[in-house]
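Undergrad: Have a look at this one before I ask anything.
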Amino acid sequence: MSSNPGFESVSIVSDELLQRIRSRAAGYDEANAFFFDDLAELRDAGYLRMFAPTAIGGLGFGLERVAREQVRLATAAPATALALNMHLVWTGVAKTLLDRGDDSLLFVLREAAEGELFAFGNSEAGNDLVLFGSKTRAEPQPDGAYRYYGTKIFTSLSPAWTRLGIFGRDDSAPDAPLLVHGFITRDTPGYTILDDWNTLGMRATQSSTTVLDGAEVPADRVFRKLPAGPSADPLIFGIFANFEILLAAVYTGIGERALELAVEAAKRRTSMKNDGRAYSDDPDIRWKISEAAIAQDGIYPQLDTLARDVDQLANHGAQWFPRLVGLKVRATENARFVVDQALRVSGGSSLSASSELGRLYRDVIAGIFHPSDGESAHSTVANAWLGPIA
């Protein structure tokens, strides 16, 4: 039984589709392969169009609804859900901006409604400034276009994206460097996708390294130029809000599934010491499962509320970013705790490479590496409450 009762009945992903997706997840993981079949079926179900307004062919969902869909999908295939997060972040950012009167990314929603798949090409090794700095060089062209030179890591959806969002630093005015954001298409020359994705978990995301070697973003696809450093531009809020909330949703789904598997194991396993009685009658097992359930139940209202606040244009002022990074850290750490409890309940069978719970254990580890990491999140929260270090 789901810990998020009542949602499944309204999901755009049918129970039958969810089961097919679950049945493929282990194979993708074992083969280190991309989820092409999942993507095709989810595209047909309207998954890529969730954030697009109905007037342009979308489903008109807000962030709260999309986050719930991602929780549900992640119970079946965490890597599929995590990779699709990147498309949903871009379409979510476009929706967040549009709701606030900014239509600069309306074309993202239009193209998503037409079936285009957006990916996120911002991450760089060693760039702890995240969105406030870039190691990628952005060279302005006479016609307003930009050419990009640099290396992007963790580019999820590498085998399938049709639109890649990238950014880099323009130092043509040394005293006023700019961070320039734009999109390239799959057929843009000047980039290479490396065959270097072979990881502990989240393998089906196929988040390969992308090397930009002069890839050109046309002038009409350059959608933001921001001063290097922290920025109050709504784009930054939109990216952080959608990225952190949708990440939290995926890991909440992992926790939900782990709890379900723990319950199944406790009812299935029997104890010779206790005359063949089920482990579900053992007080220690019951304690572990109840601790996991208490932890899991606490995440749903936080996830729903913060996503709803984005939809309803709530004004949290300077507390927005602490709340967003706080949710991400709580959700990922909570999922790790729930998976760990489930492993302890399930016994040695979960150590098998073919075990679903063993795969969840490997997948959930990825949560510690996504921004904002623990150090960055705590710095953000400390600055909000205590002010910056003098």
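Undergrad: Among residues belonging to segment 15-29 that are without any contact (Cβ under 8 Å) to a residue 24 or more places away in the chain and within 21 Å of Val66 (Cα to Cα), point out the one that is most open to solvent (accessible area, probe 1.4 Å).
TA: Taking segment 15-29 first, the residues without any contact (Cβ under 8 Å) to a residue 24 or more places away in the chain are 15-16, 20, 23, 27.
Checking which are within 21 Å of Val66 (Cα to Cα) leaves us with 15-16, 20.
Working: Asp15: 96, Glu16: 116, Arg20: 100 Å².
Within segment 15-29, the match that is most open to solvent (accessible area, probe 1.4 Å) is Glu16.
Undergrad: Tell me, which helices (runs of 4 or more DSSP H) wholly within segment 271-378 include 2 or more residues that are under 18 Å from the mean Cα position of the chain (by Cα) and within 16 Å of Glu244 (Cβ to Cβ)? Steps first, answer last, please.
TA: Working: elements: 283-297, 299-311, 320-346, 356-364.
Here the list reads 299-311, 320-346.
Undergrad: Condition first: among the polar types (S, T, N, Q) and either buried (at least 16 other Cβ atoms within 10 Å of the Cβ) or touching a Pro at 6+ places or on another chain (Cβ under 7 Å) (or both). Now tell me which residues in segment 94-146 satisfy that. Explain how you work it out, then say what you get.
TA: To start, the set of residues in segment 94-146 that are among the polar types (S, T, N, Q) comprises 96, 104, 122-123, 127, 134, 136, 141.
The answer is Thr96, Asn122, Ser123, Asn127, Ser134, Thr136.
Undergrad: Another one. Listed residues Asp143, Asp175, Asp103; which is part of a loop (DSSP other than H, G, I, E, B) and either within 15 Å of Ala52 (Cβ to Cβ) or within 13 Å of the chain's Cα centre (by Cα) (or both)? Step through it out loud before you land on a result.
TA: Values: Asp143 fails: either within 15 Å of Ala52 (Cβ to Cβ) or within 13 Å of the chain's Cα centre (by Cα) (or both); Asp175 fails: either within 15 Å of Ala52 (Cβ to Cβ) or within 13 Å of the chain's Cα centre (by Cα) (or both).
The unique qualifying residue is Asp103.
Undergrad: For segment 326-367: of the residues being of a type in the set (Ser, Thr, Tyr) and buried (at least 17 other Cβ atoms within 10 Å of the Cβ), which is farthest from Glu260 (Cα to Cα)? Explain how you work it out, then say what you get.
TA: Residues of segment 326-367 that are of a type in the set (Ser, Thr, Tyr), as a first pass: 332, 346, 349-350, 352, 354-355, 361.
Imposing the further condition that a residue be buried (at least 17 other Cβ atoms within 10 Å of the Cβ) reduces the set to 332, 346, 350, 355, 361.
Working: Thr332: 18, Ser346: 11, Ser350: 14, Ser355: 14, Tyr361: 14 Å.
Checked segment 326-367; the qualifying residue farthest from Glu260 (Cα to Cα) is Thr332.
Undergrad: Does at least one position in segment 218-226 carry a residue that is surrounded by fewer than 22 Cβ atoms within 10 Å (Cβ to Cβ), modelled with pLDDT of 95 or more, on the phi < 0 side of the Ramachandran plot and part of a loop (DSSP other than H, G, I, E, B)?
TA: So in segment 218-226, the residues surrounded by fewer than 22 Cβ atoms within 10 Å (Cβ to Cβ) come out as 218-226.
From what is left, the residues that are modelled with pLDDT of 95 or more are 218-226.
Still in the running and on the phi < 0 side of the Ramachandran plot: 218-226.
The next check asks that each one be part of a loop (DSSP other than H, G, I, E, B); those that pass are 218.
Checked against the condition, which is being surrounded by fewer than 22 Cβ atoms within 10 Å (Cβ to Cβ), modelled with pLDDT of 95 or more, on the phi < 0 side of the Ramachandran plot and part of a loop (DSSP other than H, G, I, E, B), segment 218-226 yields at least one hit.
Undergrad: Quick check on segment 302-317. Is at least one of its residues open to solvent by less than 30 Å² (accessible area, probe 1.4 Å), of a type in the set (A, V, I, L, M, F, W, C), touching a residue at least 60 places away in the same chain (Cβ under 8 Å) and over 22 Å from Thr96 (Cβ atoms)?
TA: Checked against the condition, which is being open to solvent by less than 30 Å² (accessible area, probe 1.4 Å), of a type in the set (A, V, I, L, M, F, W, C), touching a residue at least 60 places away in the same chain (Cβ under 8 Å) and over 22 Å from Thr96 (Cβ atoms), segment 302-317 yields no hits at all.
Undergrad: If the Cβ limit is 8 Å and pairs must be 6+ apart or interchain, which residue in segment 90-107 that is at negative phi and among the charged types (D, E, K, R) pairs with which residue that is in a helix (DSSP H, G or I) and at pLDDT 95 or above?
TA: What qualifies is Lys95/Leu63; Lys95/Leu109; Asp99/Asp311; Arg100/Pro234; Asp102/Pro234; Asp103/Leu97.
Undergrad: Out of segment 147-197, which residues are within 20 Å of Ser104 (Cα to Cα), among the hydrophobic types (A, V, I, L, M, F, W, C) and open to solvent by 10 Å² or more (accessible area, probe 1.4 Å)?
TA: Hit for segment 147-197 is Leu178, nothing else.
Undergrad: Among all residue pairs at least 6 apart or on different chains, which show Cβ distances below 6 Å where the first residue, located in segment 375-390, is under 14 Å from Gln319 (Cα atoms) and the second is in a helix (DSSP H, G or I) and β-branched (Val, Ile, Thr)?
TA: Ala377/Val325; Ala377/Val329; Thr380/Val325
Undergrad: Here is a follow-up. Please state which one of Arg163, Arg147 is closer than 16 Å to Pro218 by Cα, touching a residue at least 40 places away in the same chain (Cβ under 8 Å) and touching a Gly at 6+ places or on another chain (Cβ under 6 Å).
TA: On the way: Arg163 fails: touching a Gly at 6+ places or on another chain (Cβ under 6 Å).
Unique residue meeting the criteria: Arg147.
Undergrad: Applying the selection to segment 40-56, what residues are of a type outside the set (Phe, Trp, Tyr) and within 16 Å of Leu157 (Cα to Cα)? It would help to see each step written out before you state the result.
TA: Here is the first cut: in segment 40-56, the ones of a type outside the set (Phe, Trp, Tyr) are 40-46, 48-50, 52-56.
Residues satisfying the conditions are Ala40, Glu41, Leu42, Arg43, Leu48.
The values are calculated or read from the model by the stated rules, or taken from the named source; none is laboratory data. Predicted model only: the values in this text are computed from it and were never measured. Cβ coordinates were reconstructed from backbone atoms using ideal geometry, including for glycine residues, and neighbour counts include every protein chain displayed. Calculation scope for accessible area: heavy atoms of the full protein, side chains included, ligands and nucleic acids excluded. Shrake-Rupley method; radii C 1.70, N 1.55, O 1.52, S 1.80 Å.
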